[in-house]
Amino acid sequence: MDDRGVAVGSETGTVVKGKASDLGVYVSECLTVGPVDPCTIVIFGASGDLTARKLIPALYHLHLNDTLPDPVSIVGCARTPMGNEEFRERLRDAHMDGASVDLSRWDEFAANLYYHPVLYDSLQSFTDLAEYLRSLDKQRHTQGNRIFYLAIPPTLYQGTAEMIGQIGLAREAEDGNGWSRIVVEKPFGRDLPTAMELERTLHRSFHEHQIFRIDHYLAKETVQNILMFRFANTIFEPIWNRSYVSHVGIIASEKLGVEHRAGYYEQSGVLRDMFQNHMMQLLSLTAMEPPSLFEADRVRDEKIKVYRSFKPFDEANQHRDLILGQYGRGVADGIEVPAYREEAGVNPESLTPTFALMRIFVDNWRWRGVPFYLVSGKRLAQKVTRIVVQFKRVPHSMFRSVLGEDIRANRLTLGIYPQERITLTFQTKNPGARSCLRPVTMDFYYDQSVSGPILDAYEKVLLDCMQGDQMLFWRKDSVERCWSFLTPILSQCEACADREQRLHPYESGSWGPEEAQKWMRLILDEA
Ligand code: BG6
């Protein structure tokens, strides 16, 4: 229980002491860590999907919670010529498409929205933008603080970052500038050389403390909870190692197929799309050592130690540690769905993997010899995101003569989707005269008994960026370290003579290729 008298788990769920409204206050207090400076948020790619579907709804929701700084200006930039009013209307319409959105404070919010057209390859256009931003800043008293959000295709990242540098808006506390930050979405390159090239460009204009590389998995409440769970309790850490843990499974399976993103996905495949970022973050949070302080760089220092400890893949025997697959036709939610190669925009002979199961070893004192099974894929049976810590069996079964049965080992599951919950499986005696065991679970549901606002992933990252808190963002060294682990694997997969044979087909709606089932059972087996 914390000093506010809030929340401890019990086998029936969360026991809450105090009124629900106390919890609301608690959650609200958790929303902001410190004051948020007035600022201007410049969104490049303002006529695109990400702006309408994620960024503006997130900013509006922050406004509804009174969490946006005051004053704040949100400036949309894109090639399309339009005025402020048209921009506001477009976003309002896009918003109304959503489910039951509370638009009662939209007009108040929309008064902070501006639009300024920009040509990404024209220095003159960026020079005009700089002038516009400086005069808006004076008019709105936003103190020269700026966030540049790259909601644009990755091919435009470098050029845009360079232009911002050239017009002098990356410099901090100079020429009427306050702080200046740039937000970059994945993919951060497509292999080690391209990632390093992108980094060099970003660093020509920005310092590392100004660069915010987003991984939306890190902003998920339950993902953040992994560190709290591990390091705010004493009882789990002593057994969180090779002496007690048999293996760890990390799964992010999806029911959806490639949707309308074939152009991007054909170039990336599951390893670049999910492993280089989200899966690596889940792994490091599970495997890292406790930092001495819950502070961005200390946490990120510990993460990179995990990446540095990865045992390199044995190139000659890669197939032992990596199973790749591609979905064929099948049924999803009762509807017949096409094979990946039949999807619009996909090469009918595509060799892009849509499924991967990878076994990684973290070669350090804590984890030596413990396999980490990472699996992700599209068009699988269910959407599940979960970390499974499978403990070892009891060293000696004193019950074997009575029970004559296998005693299942303990298992701890950190559920991220569909249910945000923590489940511990253990053995108890079945009630009754006979001695027999039954595995039971103790569940904690993350959102149980919580009232008050909960931040969605984009709200959280935007707010952190406004506060300059880089805890939930990738750092340059980790990006490069993960690419240096994955690049040889990708090169080998993409260049090997038996590439087609190594890509195992699986039926849509199944749990992946036959070849992966032995390992899938280790991860999915609920008991
Ligand atoms: C994205 C990937 O980063 O994550 C998508 O590009 C994937 O292909 C998505 O579908 C999964 O995110 P979530 O939050 O739905 O698990």
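The values are calculated or read from the model by the stated rules, or taken from the named source; none is laboratory data. What you are looking at is a predicted structure, and each value in this text was computed from that prediction instead of being measured. Please note: Cβ atoms are built from the backbone with ideal geometry, for glycine as well, and neighbour counts cover all protein chains shown.
Identify, from the list 18, 13, the residue that is at pLDDT below 85, surrounded by fewer than 17 Cβ atoms within 10 Å (Cβ to Cβ), more than 22 Å from residue 466 (Cα to Cα) and in contact with a strand residue (DSSP E or B) (Cβ under 9 Å, 6 or more places away or on another chain). Quick ask: steps written out before the conclusion?
Values: 18 fails: in contact with a strand residue (DSSP E or B) (Cβ under 9 Å, 6 or more places away or on another chain).
Result of the check over 18, 13: 13.
Taking residue 376, is it hydroxyl-bearing (Ser, Thr, Tyr) and in a loop (DSSP other than H, G, I, E, B)? For residue 376, the condition - hydroxyl-bearing (Ser, Thr, Tyr) and in a loop (DSSP other than H, G, I, E, B) - is not met.
There is no residue in the range 123-139 that is touching a residue at least 40 places away in the same chain (Cβ under 8 Å), more than 16 Å from residue 75 (Cβ to Cβ) and within 30 Å of the chain's Cα centre (by Cα).
Here residue 412 fulfils each of the conditions (1) within 27 Å of residue 308 (Cβ to Cβ); (2) of a type in the set (A, V, I, L, M, F, W, C); (3) free of Cβ contacts under 8 Å to residues at least 40 places away in the same chain apart from (3).
On the given criteria, is residue 462 under 21 Å from the mean Cα position of the chain (by Cα) and touching a residue at least 12 places away in the same chain (Cβ under 8 Å)? Outline the logic, then answer.
Values: under 21 Å from the mean Cα position of the chain (by Cα): yes; touching a residue at least 12 places away in the same chain (Cβ under 8 Å): yes.
For residue 462, the condition - under 21 Å from the mean Cα position of the chain (by Cα) and touching a residue at least 12 places away in the same chain (Cβ under 8 Å) - is met.
Residues that are outside any strand (DSSP E or B) and not basic (Lys, Arg) within the range 249-266 comprise 254, 256, 257, 258, 259, 260, 262, 263, 264, 265, 266, listed in sequence order. Here the range 231-272 is the region considered, the condition is being in contact with a Ser or Thr (Cβ under 8 Å, 6 or more places away or on another chain) and charged (D, E, K, R), and the residue that is surrounded by the most Cβ atoms within 10 Å (Cβ to Cβ) is 254. In the range 236-294, of all residues being more than 11 Å from the ligand (Cβ to nearest atom) and touching a Cys at 6+ places or on another chain (Cβ under 8 Å), the one that is farthest from residue 355 (Cα to Cα) corresponds to 280. For the range 61-109, enumerate the residues that are β-branched (Val, Ile, Thr) and over 20 Å from residue 142 (Cβ atoms). The answer is 80, 101. The combined condition, being at pLDDT 90 or above, under 30 Å from residue 340 (Cα atoms), in a loop (DSSP other than H, G, I, E, B) and within 16 Å of the ligand (Cβ to nearest atom), is fulfilled by residue 382.
Checking residue 202 against (1) away from the ligand (no atom under 12 Å from the Cβ); (2) within 20 Å of the chain's Cα centre (by Cα); (3) at pLDDT 95 or above, which test does it fail? It fails just one condition, (2). Would the range 209-218 turn up any residue that is within 16 Å of the ligand (Cβ to nearest atom), in contact with a strand residue (DSSP E or B) (Cβ under 8 Å, 6 or more places away or on another chain), closer than 30 Å to residue 508 by Cβ and not in a helix (DSSP H, G or I)? There is at least one residue in the range 209-218 that is within 16 Å of the ligand (Cβ to nearest atom), in contact with a strand residue (DSSP E or B) (Cβ under 8 Å, 6 or more places away or on another chain), closer than 30 Å to residue 508 by Cβ and not in a helix (DSSP H, G or I).
Would you confirm, using the coordinates I've provided, whether residue 312 is part of a loop (DSSP other than H, G, I, E, B), within 16 Å of the ligand (Cβ to nearest atom) and either surrounded by fewer than 16 Cβ atoms within 10 Å (Cβ to Cβ) or under 23 Å from the mean Cα position of the chain (by Cα) (or both)? Spelling it out, it is not the case that residue 312 is part of a loop (DSSP other than H, G, I, E, B), within 16 Å of the ligand (Cβ to nearest atom) and either surrounded by fewer than 16 Cβ atoms within 10 Å (Cβ to Cβ) or under 23 Å from the mean Cα position of the chain (by Cα) (or both).
Only a single criterion out of (1) at pLDDT 95 or above; (2) over 29 Å from the mean Cα position of the chain (by Cα) is not satisfied by residue 104, namely (1).
From the list 393, 341, 421, the lone residue that is in contact with a Phe, Trp or Tyr (Cβ under 6 Å, 6 or more places away or on another chain) and of a type in the set (Lys, Arg) is 421.
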